[in-house]
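In what follows, a single structure is set out as structure tokens and then discussed.
The values are calculated or read from the model by the stated rules, or taken from the named source; none is laboratory data. This one's a predicted model, so the numbers in the text were calculated from it and none came from an experiment. Positions of Cβ are generated from backbone atoms using ideal geometry, with glycine treated the same way; all protein chains shown enter the neighbour counts. Heads up: the accessible areas ignore ligands, DNA and RNA and are worked out on the full protein's heavy atoms, side chains in. Shrake-Rupley method; radii C 1.70, N 1.55, O 1.52, S 1.80 Å.
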Amino acid sequence: VKAEGRGASQFYRQEFTHHLNARMNLDDELEKAVNRQEFELFYQPIVPLDATHSIKAEALIRWRHPTRGLVGPFEFINQLEDSGMIVELGRWIIRTACQHATCWPRVHGQAPEVSVNISARQFRFDDLVGTISAALSDSGLPPEKLCIEITEKLLMIDSDATLATIDALKALGVKVAIDDFGIGYSSLSYIRRFQPDNLKIDREFVQGIDTSEYDQRLLAAIIAMGDQLHISITAEGVETGLQRNYLHEHHCGYIQGYFYSKPLAETEFRLWLEHTAPA
Ligand code: C2E
Ligand code: CA
Ligand code: CA
Ligand code: CA
């Protein structure tokens, strides 16, 4: 038994070392990627179901790896956060998204809005208000055309400092969305406290439209709540016409998902705005 125990602990140690090496290699690789400017912002359309509102787009990071091709954020975003690299890269993300958005063509007379994901680390270790106001003034993007997406997880961690930052951003005129709404942590107290402009309902609930009448009614209730509180609702991960129609019937504000478009490279997104954006 003892020998087995030692064997096991040695096994775990090897696993751990292996894991550690893998992480260190990824850190090195990510640092090189930052220096070589291999990161790129893709944009996914967010389509209003009421034609009086403007089209929006969410910036989603991609790594154009020299040999592996296009790599999605699930493979590196946690590592960027843990190593702190997300702070510097996050500044680049904000600046770049603002610059891109100022170049987008109007759709039905309205300039598109851009939405940027902000991680908890950026709240804690960057002067976000300074970074964002500089990005706005350098690019000339009107503040109300920028939305920051934050998760309930962030709101839970660091309430007082976070609240102050969010208030300052709102005072600038920037919009605030709660991302992945509904999964994870209890949220009504955060809504009361942070009074977001937008809630993004997680894909998990949207997928339920196809299979569960209860999920359908839950979505309708969230939309009705948004209506009462003047919070616009975005349904994420909409893939089918059935889902889209249900959300339309229940007056959901915005829809994002493969039903309209997957995330697109910036030049493709511009073409989408010019030729494909729904009337
Ligand atoms: P998220 O903020 O919830 O972004 C939505 C994700 O859902 C995106 O994945 C998008 O490609 C995917 N998606 C959109 N429509 C559909 C659909 O109809 N069906 C399905 N199955 N998926 C859909 P992506 O681009 O892989 O990003 C994953 C996560 O990585 C994001 O989740 C966000 O939390 C994080 N992330 C992405 N870009 C950034 C960034 O620039 N900064 C930070 N801090 N996080 C980012
Ligand atoms: Ca998001
Ligand atoms: Ca989301
Ligand atoms: Ca998500």
Multiply the residue separation of Ala134 and Val71 by 0.36 nm, subtract the distance between their alpha-carbon atoms, and state the gained length in nm to one decimal. 19.8 nm
For Ala134, net neighbour charge (Lys/Arg +1, Asp/Glu -1) across residues whose Cβ lies under 13 Å away: -1
Given a 1.4 Å probe and heavy atoms of the protein chains only, how would you sort Lys175, Lys145, Lys153, Lys56, largest accessible area at the top? Lys153, Lys175, Lys145, Lys56
In percent, how large is the relative contact order of the chain, given Cα pairs closer than 8 Å and 6 or more residues apart? 19 percent
Evaluated at 25 °C and 0.890 mPa s, the Stokes-Einstein D of the chain based on the Kirkwood radius over Cα pairs, in µm²/s, stands at 121 µm²/s
For region 44-199 the translational diffusion coefficient, Stokes-Einstein from a Kirkwood Rh over Cα pairs at 20 °C and viscosity 1.002 mPa s, in µm²/s, is roughly 131 µm²/s
Once R0 is set to 35 Å, what does the formula 1/(1 + (r/R0)^6) return for the Cβ-Cβ distance between Glu204 and Leu229, expressed as a FRET efficiency to the nearest 0.05? 0.95
Ignoring ligands, DNA and RNA, how do His100, His65, His230 rank by accessible area with a 1.4 Å probe, largest first? His230, His100, His65
What value does region 138-275 have for Rg/Rh, both radii from Cα atoms and Rh as Kirkwood defines it? 0.99
At what distance in nm do the modelled label points of Tyr258 and Ala221 sit from each other, each positioned 7 Å from its Cα along Cα→Cβ? 2.9 nm
Restricting to Cα atoms and excluding each atom paired with itself, what does the Kirkwood estimate give for region 16-102 in Å? 14.6 Å
Over 29 Å between Cα atoms: which of Lys32/Lys170; Lys170/Lys200; Lys56/Lys170 fall into that group? Lys32/Lys170
Rounded to the nearest 10 Å², what accessible area does Ser83 show when all protein chains are kept and the probe is 1.4 Å? 50 Å²
Nitroxide proxy distance, nm - points 7 Å out along Cα→Cβ at Asn35 and Leu172: 3.0 nm
How much accessible surface area, in Å² rounded to 10, belongs to the heavy atoms of Arg62 with a 1.4 Å probe? 40 Å²
If I ignore ligands, DNA and RNA and count only protein heavy atoms, how much of Ser261 is accessible to a 1.4 Å probe, in Å² to the nearest 10? 10 Å²
Normalised by the number of residues in region 132-197, what is the relative contact order in percent for Cα pairs under 8 Å and 6+ residues apart? 39 percent
Tell me the label-point distance for the pair Asp27, Thr52, using the 7 Å Cα-to-Cβ offset, in nm and rounded to one decimal. 5.4 nm
For region 129-215, what does the equivalent ellipsoid look like in terms of its semi-axes, each the square root of 5 times an eigenvalue of the Cα gyration tensor, given largest first in whole Å? 28, 16, 9
Using the Cα centre of the chain as origin and beta-carbon charges of +1 (Lys, Arg) and -1 (Asp, Glu), tell me which of Gln195, Ser212, Thr96 is placed farthest towards the positive end of the dipole. Thr96
